[in-house]
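Colleague: After the structure tokens below, expect a handful of questions from me.
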Amino acid sequence: MNRREFITLIGGAAAAWPLAARAQQPRRMRRVGIVMPFAKGDSEGEARIRAFKQELAKLGWTDGGNIQFDERWPADNMDLVRSHAASLVASNPDIIVVAGGRIVPVLMRLTRSIPVVLPGQSDPVGVGWAQSLARPGGNVTGFTGFELSMLGKSLELLKQIAPATVRVALIYNPDNPNSVHYRSISEGASARLAIETVDHPIHGLADIDRAVASLADRGNSGIFFLPDITTNALRDDVVALVARRHIPAIYSDTFFVKIGGLAFYGPDRTDLFRRSAGYVDRILRGEKPGDLPFQQPTKYELIINRKAAKALGLELSPALLALADEVIE
């Protein structure tokens, strides 16, 4: 090798070395904040976050590798919600994933710059979190928990399961900004079904107990537990109360039926968390949340607990059982 070739070789290697070194350097560690409306250790909440992280891993984001998670589990304690939200926003993560109709407004008041992904909110436009579903604008996007018309479908299914029902209590926390939309849609559907809907706003277990007791005294009543973190947090007590009073009820989350509740109709919420990982990936790679449309669920499930139906003396028709995605014996 002559001197010119040697110098050329060394020079080329020197020029290539910084490029190779940069290519081998890891990407900046990204931080994702998570706020869940469950207590830490809640099996259903943990399963949803596990599905979310597994999907992110498929997209190239590994926990402790190129991404870190800051998880907050305040359940229904709004003092904890406010405290966790404030400290999380102050830490300035790259993105925040949050569930819970009463938790989201707390974060919205604290930041309009940190991207926020919602894995299942009811009406983000109606409550002012987005300009439109197609183009949210601002810093929030995600997935709607269901089309509001599906609330009417829940009442229809309750009537099919318990045909003698002539009135249905709508149990909800009025502090949830979605509650006004829940009530209007449900009340609109009730006329078509010849059902009287009765508002029962609640803030805790004592309120739920009084509402359920008042229905038991009237007979031919049913209950629709509208989506809210209060009833979710009290689900064991709620299902026990309703069973003790022998009232047919339809719920807004699957875990009620798994522990003895009568029926659930709604989206696969774990799937919504899984799909939310795709939006987190796109935002971390540079897309703006305001440009990503809110997407609606692609699958709704009807789950019926046959044991609960038998305890209520309800005969489930073969057609209804065939309609169910899952029947718990």
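We did not get these values from a lab; they are worked out from the coordinates using the rules stated. For clarity, every value in this text was computed on a predicted model and none was experimentally measured.
Colleague: Once you treat every alpha carbon in the chain as an equal point and sum by Debye, what is log10 I(q)/I(0) at q = 0.16 Å⁻¹?
Modeller: With one equal scatterer per Cα and no solvent, log10 I(q)/I(0) is -1.32.
Colleague: Over the alpha carbons of region 94-154, what is the largest minus smallest coordinate on each principal axis, giving the biggest first in Å?
Modeller: Each principal axis gives a Cα extent; for region 94-154 these are 37, 22, 17 Å.
Colleague: With a bin width of 5 angstrom, please list the P(r) values of region 134-264 as percents of all Cα-Cα pairs, from the 0 bin to the one holding the largest distance.
Modeller: Calculated over all Cα pairs of region 134-264, the distribution is 2, 11, 22, 24, 21, 11, 4, 3, 2, 0 percent.
Colleague: Can you pull the Kirkwood radius for region 257-317, inverse mean 1/r over Cα pairs, to one decimal in Å?
Modeller: Numbers: mean 1/r = 0.0696 Å⁻¹.
Roughly 14.4 Å, rounded to one decimal.
Colleague: Working only with C-alpha atoms, what are the Rg and Dmax values of region 148-194, expressed in angstrom?
Modeller: Calculated on Cα positions, Rg and Dmax stand at 10.8, 32 Å.
Colleague: Compute the acute angle (0 to 90°) between the alpha-carbon long axis of helix 3-24 and the principal axis of greatest extent of the alpha-carbon atoms of the chain; round to the nearest 10°.
Modeller: The two axes meet at around 20 degrees.
Colleague: Helix-only mean residue ellipticity at 222 nm, the chain, DSSP H runs n ≥ 4 weighted -39,500 (n - 2.57), per residue, nearest 500. What is it? Intermediate results must be reported in sequence, preceding the final value.
Modeller: Values: 13 runs with 148 residues, N = 329.
Helices in the chain give a 222 nm mean residue ellipticity of -14000 deg cm²/dmol.
Colleague: I've got another one for you. Using Cα atoms only, what is the angle between the long axis of helix 179-192 and the major principal axis of the chain, expressed in degrees (0 to 90) to the nearest 10?
Modeller: Helix 179-192 and the main axis of the chain meet at about 50 degrees.
Colleague: Ratio of alpha-carbon Rg to the 2.2 N^0.38 Å globular estimate for region 78-205, to two decimals, please. Please list the in-between numbers first.
Modeller: Details: Rg = 17.1 Å, N = 128, 2.2 N^0.38 = 13.9 Å.
Working it through for region 78-205, the quotient is 1.23.
Colleague: Then there's this: Stokes-Einstein at 37 °C, 0.692 mPa s, Kirkwood radius from Cα pairs: D for region 21-81 in µm² s⁻¹? Intermediate results must be reported in sequence, preceding the final value.
Modeller: Numbers: Rh = 13.1 Å.
Value of D from the Cα-based Kirkwood radius: 251 µm²/s.
Colleague: Now a separate question. Taking the chain as a Gaussian network, where each spring joins two C-alpha atoms under 10 Å apart, which residue of K58, K288, K153 fluctuates the most?
Modeller: Among K58, K288, K153, the largest GNM mean-square fluctuation belongs to K58.
Colleague: For region 165-215, go through all pairs of different Cα atoms, get the mean of 1/r, take its inverse, and jot down that Kirkwood value in Å. Display every interim value, and only then the final one.
Modeller: Working: mean 1/r = 0.0873 Å⁻¹.
For region 165-215, inverting the mean 1/r across all distinct Cα pairs yields 11.4 Å.
Colleague: If the limit is 29 Å between Cα atoms, which of K53/K299; K153/K310; K40/K159; K53/K310; K53/K258; K159/K307 go over it? Show your work: numbers first, answer last.
Modeller: Working: K53/K299 21 Å; K153/K310 23 Å; K40/K159 36 Å; K53/K310 39 Å; K53/K258 24 Å; K159/K307 18 Å.
Distance filter (> 29 Å) returns K40/K159; K53/K310.
Colleague: Over the chain, what is the relative contact order in percent, taking alpha-carbon pairs closer than 8 angstrom and at least six residues apart?
Modeller: Details: 598 pairs, mean separation 62.8, N = 329.
Result for the chain is 19 percent.
Colleague: What would the Debye equation give as log₁₀ I(q)/I(0) for region 207-275 at q = 0.26 Å⁻¹, counting only Cα atoms as equal point scatterers?
Modeller: Those come out to -1.22, one per q.
Colleague: When DSSP beta bridges are limited to those with both residues in the chain, what percentage is antiparallel, rounded to the nearest 5? Before the final figure, lay out the partial values.
Modeller: Working: 6 of 43 bridges.
Expressed as a percentage, antiparallel bridges in the chain total about 15.
Colleague: Going by alpha carbons, how many degrees (0 to 90, nearest 10) lie between the helix axis of 269-284 and the longest principal axis of the chain?
Modeller: Value to nearest ten degrees: 30.
Colleague: What per residue convex hull volume, in Å³, comes out for region 283-325 when only alpha-carbon positions are used?
Modeller: Numbers: hull volume 5.3 nm³, N = 43.
About 123 Å³ per residue, rounded to a whole number.
Colleague: Separate question: Rg/Rh for region 215-324 to two decimals, with Rh computed the Kirkwood way over all alpha-carbon pairs.
Modeller: Working: Rg = 17.8 Å, Rh = 16.1 Å.
The Rg/Rh ratio comes out at 1.11.
Colleague: Using a 10 angstrom cutoff on alpha carbons, build the Gaussian network for the chain and name the most mobile of R269, R28, R82.
Modeller: Among R269, R28, R82, the largest mean-square fluctuation in the Gaussian network model of the chain belongs to R28.
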